[in-house]
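J.: Structure in structure tokens, see below.
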Amino acid sequence: MPKPSIHAVTAAAALVCLAAFGPAPSSAAPPPAHSAGRPGQAAPSRFVPGPCPKTPEPIEALAGARCGFLEVPENRSRLGGRTIKLAVAVIAAAEPAKPAQDPLVFMAGGPGGDTFDDIPFLVESGLNKDRELIVMAQRGNLYDQPNLACPEIDRFNAQSVGLGYDAKQAQQLMLKAVKECRDRLTADGVDLNAYNTTENAADFADLRKALGIPRWNVYGYSYGSDLALTYLRLHPEGIRAVAIDSVTPPRTATLPWGWSSAAEGIGNIFGACAAQPACKSRYPDLPRMLTEQVRKLEAHPLTLNVPPPGGGKPVKVVLDGGALLNLIVAFTPRPKDVPAALDELSRGNPERFAQARAGGSVQHAGVFAHGLTNSVACSEWAPGYSEADVLKAGRKAFPGWPDTVLAQVPQLPFQYPACRIWNVADRASVQRVATVSSVPALLVSGTFDVKTGASWAKGVARDLSRSTAVQVPGIGHWVVPQSPCAQRVLASFLARPTAPDTACVDGLEPAPFTIVPK
């Protein structure tokens, strides 16, 4: 699922030369770069060293890193097609005295989020403590060529905070932005059908070979777990161990699926409050309170002028039922503050939610690759289901809520009409496949995850014969950067994939919720 803002996650060395990865696949000189392969064959993949990306905020780990591009075919099924360039960085082990010989490759969430944006969290979580950390921007992401950014959609998102979440005007403006982006990308020669999880997985397989790495470990979160499982299924060679965080099962990742995850995560947050005497006493019936506020705001939306988080000029925001639900799913406010924010809202103080909504007005144009998001969502998550199926799933998850709220997939409003515009091929049959493997695997879930419900890891684990699954109480989406215990479990798994130490999870409880006076 689409990745959270870098600010929505608790914040959690030089790169060696390629020779240190092992011998190159061939002693022959690499072929010259071409924009297209020879007629009758796909262009070969190769790694070309180059400068590290210039990120908006300096990333310390990149200062000593060796970077470059992986050049791969845009569409491996199109012989003689053009090549694209994917940004790569390898970050040396923080403790270089005796690093492990098997690196760790990272698969980011999204799809479409800036992968390099995640490096500080990965380093602070210790992922390169004793082994090299390899980061590659998935095809179409920031720093790639081409970059499937859609500034048209960024502008709509900034404007949409002043509109009803499910308003007709919001739909019209969004679909206009989607069409403008699609028209621009296709006019530039982008093959939108080539931006999918199968091609993403093949890119990582090619990266391992291009760097001459005999074996490596894989860590992916959210959509990156979908990608990691697909990669394990299609390209198992060279994989020592796989860790997936905030599990998105390829077999069940569909648009209606978003409702079950939202209901599970919110239910777990409310259940944890009920288990804490102070929270239960202060907020005795959170499910009823949320339902009442969603209904009230959907019937009578609030229009306010509030500054974004961190200050700035006030902006107009509309807070309706759909906006309320989606702010919770977006972890704004954080789960520990949700009971307090709902209580304040019920007593006429919408400030926490309104300010969070205003945060959407701050543009980061060109950072998020909406083109990749739409190509994956429309080819893999949408086919086989309809708007009616989304509504049915919403009604099951939240009985009694207004249909106008339940008709839109959390975080992906108006996705079906957007997909009709995006117009990519149906890939459901090749993507919705279980990954069955004996490669050691670790599955990490957070009980407060409202994007990828924690319970979905169980079915995935059953197909991975040497897997260990842990649920970390009180943590939301993307567990490892937020949980020192999860970091220790992951480190133990990478050291001993078949016998990780999970003892720190036993006895963990969610942190106390925020209590505001009556």
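The values are calculated or read from the model by the stated rules, or taken from the named source; none is laboratory data. Remember, it's a predicted structure, so these values are computed and weren't measured experimentally. Cβ coordinates were reconstructed from backbone atoms using ideal geometry, including for glycine residues, and neighbour counts include every protein chain displayed.
J.: Is it true that residue 284 is out of contact with any Lys or Arg (no Cβ under 6 Å at 6 or more places or on another chain), part of a loop (DSSP other than H, G, I, E, B) and surrounded by 15 or more Cβ atoms within 10 Å (Cβ to Cβ)?
T.: Values: out of contact with any Lys or Arg (no Cβ under 6 Å at 6 or more places or on another chain): yes; part of a loop (DSSP other than H, G, I, E, B): yes; surrounded by 15 or more Cβ atoms within 10 Å (Cβ to Cβ): no.
Judged against the criteria, residue 284 is not a match.
J.: Now for a different question. Under the condition of being polar (S, T, N, Q) and exposed (fewer than 15 other Cβ atoms within 10 Å of the Cβ), which residue from the stretch 343-370 is nearest to the chain's Cα centre (by Cα)?
T.: First pass over the stretch 343-370, keeping only residues polar (S, T, N, Q): 346, 349, 355, 361, 363.
Keeping just the survivors that are exposed (fewer than 15 other Cβ atoms within 10 Å of the Cβ) gives 349, 363.
Working: 349: 32, 363: 19 Å.
Per the stated criteria, the residue is 363.
J.: Shifting gears a bit: For residues that are of a type outside the set (A, V, I, L, M, F, W, C) and within 12 Å of residue 119 (Cβ to Cβ), scanning just the stretch 49-92, find the one that is surrounded by the fewest Cβ atoms within 10 Å (Cβ to Cβ).
T.: Restricting attention to the stretch 49-92, the residues satisfying the condition of being of a type outside the set (A, V, I, L, M, F, W, C) are 49-51, 53-58, 60, 64, 66, 68, 71, 73-78, 80-83, 85.
When the remaining residues are screened for being within 12 Å of residue 119 (Cβ to Cβ), the result is 53, 55, 57-58, 60.
Numbers: 53: 18, 55: 15, 57: 7, 58: 9, 60: 11.
Filtering the stretch 49-92 for residues that are of a type outside the set (A, V, I, L, M, F, W, C) and within 12 Å of residue 119 (Cβ to Cβ), the one surrounded by the fewest Cβ atoms within 10 Å (Cβ to Cβ) comes out as 57.
J.: Only one of (1) in contact with a Phe, Trp or Tyr (Cβ under 7 Å, 6 or more places away or on another chain); (2) in a loop (DSSP other than H, G, I, E, B) fails for residue 341. Which number is that?
T.: (2)
J.: Could you grab the pairs with beta carbons closer than 7 Å, sequence gap of 6+ or different chains, first residue in the stretch 93-105 and closer than 9 Å to residue 217 by Cβ, second one part of a loop (DSSP other than H, G, I, E, B) and not charged (D, E, K, R)?
T.: Within 7 Å, the pairs are 103/213; 104/127.
J.: Being of a type in the set (Ser, Thr, Tyr), assigned to a helix (DSSP H, G or I), surrounded by 23 or more Cβ atoms within 10 Å (Cβ to Cβ) and not assigned by TED's automatic domain parsing to the domain that holds residue 324, is that true of even one residue in the stretch 244-261?
T.: So in the stretch 244-261, the residues of a type in the set (Ser, Thr, Tyr) come out as 246, 248, 252, 254, 260-261.
Narrowing further to those that are assigned to a helix (DSSP H, G or I): 260-261.
Going one step further and asking which of them are surrounded by 23 or more Cβ atoms within 10 Å (Cβ to Cβ), we end up with 261.
Applying the additional criterion that residues be not assigned by TED's automatic domain parsing to the domain that holds residue 324 yields none.
No: the stretch 244-261 contains no residue that is of a type in the set (Ser, Thr, Tyr), assigned to a helix (DSSP H, G or I), surrounded by 23 or more Cβ atoms within 10 Å (Cβ to Cβ) and not assigned by TED's automatic domain parsing to the domain that holds residue 324.
J.: Those residues that are small (Gly, Ala, Ser) and either assigned by TED's automatic domain parsing to the domain that holds residue 372 or not in a helix (DSSP H, G or I) (or both), I need them from the stretch 199-214; list them, please.
T.: Selection gives 212 alone.
Quick grid of which residues meet (1) modelled with pLDDT of 95 or more; (2) not aliphatic (A, V, I, L, M):
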site: 3; (1), (2): no, yes
site: 92; (1), (2): yes, no
site: 100; (1), (2): no, no
site: 105; (1), (2): yes, no
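J.: Residues 190, 178: which one is modelled with pLDDT of 95 or more, touching a Pro at 6+ places or on another chain (Cβ under 9 Å) and more than 30 Å from residue 317 (Cβ to Cβ)?
T.: Of the residues listed, the single one that is modelled with pLDDT of 95 or more, touching a Pro at 6+ places or on another chain (Cβ under 9 Å) and more than 30 Å from residue 317 (Cβ to Cβ) is 190.
J.: Are there helices (runs of 4 or more DSSP H) fully within the stretch 419-518 with at least 3 residues that are closer than 24 Å to residue 105 by Cα? List them.
T.: Numbers: elements: 428-431, 457-462, 484-495.
Correct list: 457-462, 484-495.
J.: Still on this structure, please answer the following. Identify, please: which residue in the stretch 503-513 is surrounded by fewer than 18 Cβ atoms within 10 Å (Cβ to Cβ) and modelled with pLDDT of 95 or more and is, among those, farthest from residue 272 (Cα to Cα)? Explain how you work it out, then say what you get.
T.: Step one: filter the stretch 503-513 for residues surrounded by fewer than 18 Cβ atoms within 10 Å (Cβ to Cβ), giving 503-509, 511-512.
After this cut, where a residue has to be modelled with pLDDT of 95 or more as well, the list is 503-506, 508-509, 511-512.
Working: 503: 21, 504: 19, 505: 16, 506: 16, 508: 12, 509: 9, 511: 9, 512: 9 Å.
Checked the stretch 503-513; the qualifying residue farthest from residue 272 (Cα to Cα) is 503.
J.: A follow-up question, please. Of the conditions (1) farther than 28 Å from residue 189 by Cβ; (2) over 16 Å from the mean Cα position of the chain (by Cα), residue 152 fails just one. Which one is it?
T.: Among (1) farther than 28 Å from residue 189 by Cβ; (2) over 16 Å from the mean Cα position of the chain (by Cα), residue 152 violates only (1).
Per-residue answers, yes or no, for (1) crowded, with 19+ Cβ neighbours inside 10 Å; (2) closer than 27 Å to residue 234 by Cα:
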{"site": "398", "(1), (2)": "yes, no"}
{"site": "405", "(1), (2)": "yes, no"}
{"site": "434", "(1), (2)": "no, yes"}
{"site": "441", "(1), (2)": "yes, yes"}
{"site": "452", "(1), (2)": "yes, yes"}
{"site": "475", "(1), (2)": "yes, no"}
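J.: Hey, another quick one. List pairs: first in the stretch 490-505 and closer than 12 Å to residue 440 by Cβ, second among the aliphatic types (A, V, I, L, M) and surrounded by 14 or more Cβ atoms within 10 Å (Cβ to Cβ), Cβ under 7 Å, 6+ apart or cross-chain?
T.: Pairs that qualify, where the first residue is closer than 12 Å to residue 440 by Cβ and the partner is among the aliphatic types (A, V, I, L, M) and surrounded by 14 or more Cβ atoms within 10 Å (Cβ to Cβ), are 493/241; 493/243; 493/442; 494/104; 494/241; 497/241; 500/442; 500/489.
J.: Another question about this same structure. Being surrounded by fewer than 23 Cβ atoms within 10 Å (Cβ to Cβ), under 27 Å from residue 318 (Cβ atoms) and among the β-branched types (Val, Ile, Thr): is that true of residue 373 here? Give the derivation first.
T.: On the way: surrounded by fewer than 23 Cβ atoms within 10 Å (Cβ to Cβ): no; under 27 Å from residue 318 (Cβ atoms): yes; among the β-branched types (Val, Ile, Thr): yes.
It is false that residue 373 is surrounded by fewer than 23 Cβ atoms within 10 Å (Cβ to Cβ), under 27 Å from residue 318 (Cβ atoms) and among the β-branched types (Val, Ile, Thr).
J.: Here is a check on your reading of the model: is residue 483 crowded, with 23+ Cβ neighbours inside 10 Å and hydroxyl-bearing (Ser, Thr, Tyr)?
T.: Details: crowded, with 23+ Cβ neighbours inside 10 Å: yes; hydroxyl-bearing (Ser, Thr, Tyr): yes.
In short, yes.
J.: Going residue by residue through the stretch 296-318, is there one that turns out to be within 27 Å of residue 447 (Cα to Cα) and surrounded by 22 or more Cβ atoms within 10 Å (Cβ to Cβ)?
T.: No, the stretch 296-318 has no match at all.
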